[in-house]
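> Provided herewith is a single structure, encoded as structure tokens, for subsequent inquiry.
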Amino acid sequence: MKCNLEKEKMVEKIKGVPIRQKLLIPMLFLVIIENLLLVGAIFGSRLLSYVENKEKAIFYEKVSNRKNYLENEMLTRWSNVNSTVEEINHTAQRLIDTNVISLKTLDDSSEDCLPLLEKSSSKLINLMRTNQVTGAFIVLNTDNLETKKEKGVFENKPGIYLRDFDPSSIPSQKNEDLLFKYAPKALTQSMNISHGKTWRPLFEFQKTGDYGAYLYEPFQAALKEANPEEINLKDFGYWSMPYKLYDDSQKVISYSVPLILNDGTVYGVLGVEISLDYLKKQLPNTELIDNEQGSYLLGVESGKAGDFQNILINGMIYSQAAGNQKTTQIVQNGEDYVIKNQDKIMYADAEYINLYGENTEFTNQKWAVIGIVPKNKLLVFSGRIINTLIGAVVISLLIGIVGAVIISSTISKPVTRLIQHVKSIRLSEEMQFIQTGIEEVDHLSQSLKNLNEEVGDTARRFSRIINMASIELAGFEINRKEGTVYFTGKFAEMFRLEKESFYDSFSDITSIEMFEMLMKKLKEYEVEEKAQKENEVIYLIPDIKPHYLRLTLNDTGDYCSGLVENITDVVIEKEQIEYERDHDLLTGLLNRRAFHRILKELFLQGEATLKIAALVMIDLDGLKYVNDTYGHTYGDQYIKSAAEVFVESVPENTLISRPGGDEFYILFYGYSSRSEIQRYLDQLEKDIRNQSILLPNGDPFMLHLSAGVAWYPDDTTDRKKFTQYADFAMYQIKRTVKDQFGDFDKEAYRTSQKQYNKEKD
């Protein structure tokens, strides 16, 4: 009770002029003025509306640019078939005039059309190469397809259908990158072009029960004309909706035009196809908005305005939202166009592609490139503006506080003296304050005295907070003035130390001398190569599960603080990135860059390291056949099967690399004789012949490869020639016997170089 009375008496003595009366009014005045100004700036202008419109305009411009690009590709590149059509028409007319072919038997199942198809095939290939399309075709027909269709008669038609799955790649001189879908057997044999298991000698309309739109639409449109020989091909060129050929999994669109003789006889169509996979690459949704939050839709508007039939969708945002819907409806919402048939409102911009001229056969089919982004993603910058304005409000409040401080500084000298007195007191000392006569200041003095009693618990509370964090953290602070070091609770746990061995578990404080001893003990765990900054130390702590710790120091002179973080996940992720940089993801072998880097290092070390070495360059035979016939999944199995044989059949110190595709490098080095390496090569060749993969039908497909070997130092001591010779030896085997190992032949190499120089001159 006595203590309570003393406190009451002390309170009675704390009297004076309230400082609140001198500070409250100016502070409130400043805060009110600032907030009024900011509110007027935000709501009195159209800043947010302007920013939103600007974001929309950028989005519209991106869609428009992409539309212009695609329109240019479709009109000036992919559909540029006029010259080819003229050549084929001229060829057909000449063959008819010389009685080599006849219109009466041109489109039946006989071989009468073969002369025309043979002469047209090279033109078709050139068309594919020039226009960079995924396919090209000719279908021969002299019948009225509408009449046939009304009678329910569907006949197979002769022609050619060629495919190139990657038109952007460098064309093969021997057309090894092409594939026949439809063509007479005699033609496929004479041209030496591969064909898959779905190849057919004729276009099989009987099985589909429909003449494909790529044939029917342009052919019938030309047939309706009174003088078809005078028509403009572009007016009768037809862009089809997506379709699949019989027995094919590849979805495509096509552009086709009628083939017309001088007398107006329509005898077929010529066209090019674009696979939807290839078309998707022309519509990169990543350009619309960050983090792939947008989608491109290619659609056709053939009826009601704003109703589009979906051709393809590129982008998960709208692809997931659309689901199995085959159409998309775009409606006007104020000044904007949106898609409202989804859970989320999405902004849409439809840019029409001018594929057809006015008043032509297919004018009513309006193609469009449609950009789609969620509303909340499109206006993300507006959100940032709002956040900025909120920040401005906060700054305004701070200005008010600073203003209050400036005003109070002239009348708060007692407060200043109090602060100076507080600064002079050590935390371990008891606080004693002199009465100032100002009620608020004296109350503040009493509060500081009470606060001093709680300061001893602050560090422990901070330590407990750190211990509760989801990230493993610990820290310490060195006080050089007092010669002490403070630790948080998890410090010992993270370093796997006995806590009581170096500081008092209650106070969490130790001496600088003990701290120095501790740092010397931990020095054996330092990992120097992992540190990236001068004030940073990385430790690898051994345990059942070893972990990495990063110590970051901040030294200000009298005080030095350190923060310890568990960065095990970061280090592991970095090591994984480094591994993926140097290794092929499919096989786990070294990639091209890593192999050549190590090879360069070995050659710099010279003969002392390499001794007798052999470089084997390997090219898998049959990979293209497996990919084309059974798909890339089995092609990947074929590659991995080869890699497994290489790894299992050679010593551990052997370098094995997959630079790409169907190529492999194997480097044997450090041997005292060629015979040692030759035994491994013989074993490798034997193991290869026993390796196979299982095809979908259950049959094994044996591993086949061609390999060339260059020897160090017998063939050369130059690194570049070493790889060049091995490459030459491999291609010598591939061009001759195949499926064998062969050493580098200097005489054959010299002969080839002479021949090359001769041809060059």
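> Is there a residue in the stretch 689-703 that is out of contact with any strand residue (DSSP E or B) (no Cβ under 9 Å at 6 or more places or on another chain) and part of a helix (DSSP H, G or I)?
no
> With (1) surrounded by fewer than 23 Cβ atoms within 10 Å (Cβ to Cβ); (2) touching a Phe, Trp or Tyr at 6+ places or on another chain (Cβ under 6 Å); (3) more than 30 Å from HIS632 (Cβ to Cβ) as the list, and LEU259 as the residue in question, which single condition is left unmet?
(1)
> May I ask you to verify whether GLN332 is in contact (Cβ under 8 Å) with a residue 40 or more places away in the chain and under 19 Å from VAL63 (Cβ atoms)?
Spelling it out, it is not the case that GLN332 is in contact (Cβ under 8 Å) with a residue 40 or more places away in the chain and under 19 Å from VAL63 (Cβ atoms).
Matching residues to (1) without any contact (Cβ under 8 Å) to a residue 60 or more places away in the chain; (2) surrounded by fewer than 19 Cβ atoms within 10 Å (Cβ to Cβ):
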{"residue": "TYR548", "(1), (2)": "yes, no"}
{"residue": "ASP555", "(1), (2)": "yes, yes"}
{"residue": "ASN566", "(1), (2)": "no, yes"}
{"residue": "ILE598", "(1), (2)": "yes, yes"}
{"residue": "GLN605", "(1), (2)": "yes, yes"}
{"residue": "LYS611", "(1), (2)": "no, yes"}
{"residue": "ALA614", "(1), (2)": "no, no"}
{"residue": "ASP619", "(1), (2)": "no, no"}
{"residue": "GLY622", "(1), (2)": "no, yes"}
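> While we're on this one: Starting from the stretch 682-706, take each residue that is of a type in the set (Phe, Trp, Tyr) and buried (at least 16 other Cβ atoms within 10 Å of the Cβ) and list its partners that are in a loop (DSSP other than H, G, I, E, B) and at pLDDT below 90, counting only C-beta distances under 6 angstrom and pairs at least six apart or across chains.
Close Cβ pairs (under 6 Å, with a partner that is in a loop (DSSP other than H, G, I, E, B) and at pLDDT below 90) amount to PHE701/LEU695.
> Would you mind stating whether GLY264 is part of a strand (DSSP E or B) and on the phi > 0 side of the Ramachandran plot?
So GLY264 fails the test.
> If we keep just the residues of the stretch 262-287 that are under 21 Å from PRO167 (Cβ atoms) and among the polar types (S, T, N, Q), which is surrounded by the fewest Cβ atoms within 10 Å (Cβ to Cβ)?
Out of the qualifying residues, it is GLN282.
> I'd like to check something: does the stretch 113-124 contain any residue that is at pLDDT below 95, within 25 Å of ILE274 (Cβ to Cβ) and either in a loop (DSSP other than H, G, I, E, B) or not assigned by TED's automatic domain parsing to the domain that holds LYS224 (or both)?
No.
> I've got another one for you. Name the helices (runs of 4 or more DSSP H) wholly within the stretch 540-645 that hold at least 2 residues that are under 30 Å from PHE701 (Cα atoms)?
Details: elements: 568-582, 592-605, 607-610, 623-630.
By residue number, 592-605, 623-630.
> Considering each of ILE544, ILE538, ILE509, ILE471 in turn, give the residue that is surrounded by 11 or more Cβ atoms within 10 Å (Cβ to Cβ) and at pLDDT below 80.
None of the other options fit; the residue is ILE509.
> For the stretch 127-177, give me the residue count where each residue is in a strand (DSSP E or B) and at pLDDT below 90. Before you say what the answer is, go through the steps one by one.
We begin by selecting, within the stretch 127-177, every residue in a strand (DSSP E or B); these are 135-140, 157, 159-164.
If we keep only those that are at pLDDT below 90 too, we end up with 164.
The total comes to 1.
The values are calculated or read from the model by the stated rules, or taken from the named source; none is laboratory data. Treat the numbers as computed from the prediction; the structure is a model and nothing was measured. Glycine gets a Cβ as well: all are built from the backbone with ideal geometry, and neighbour counts include every protein chain shown.
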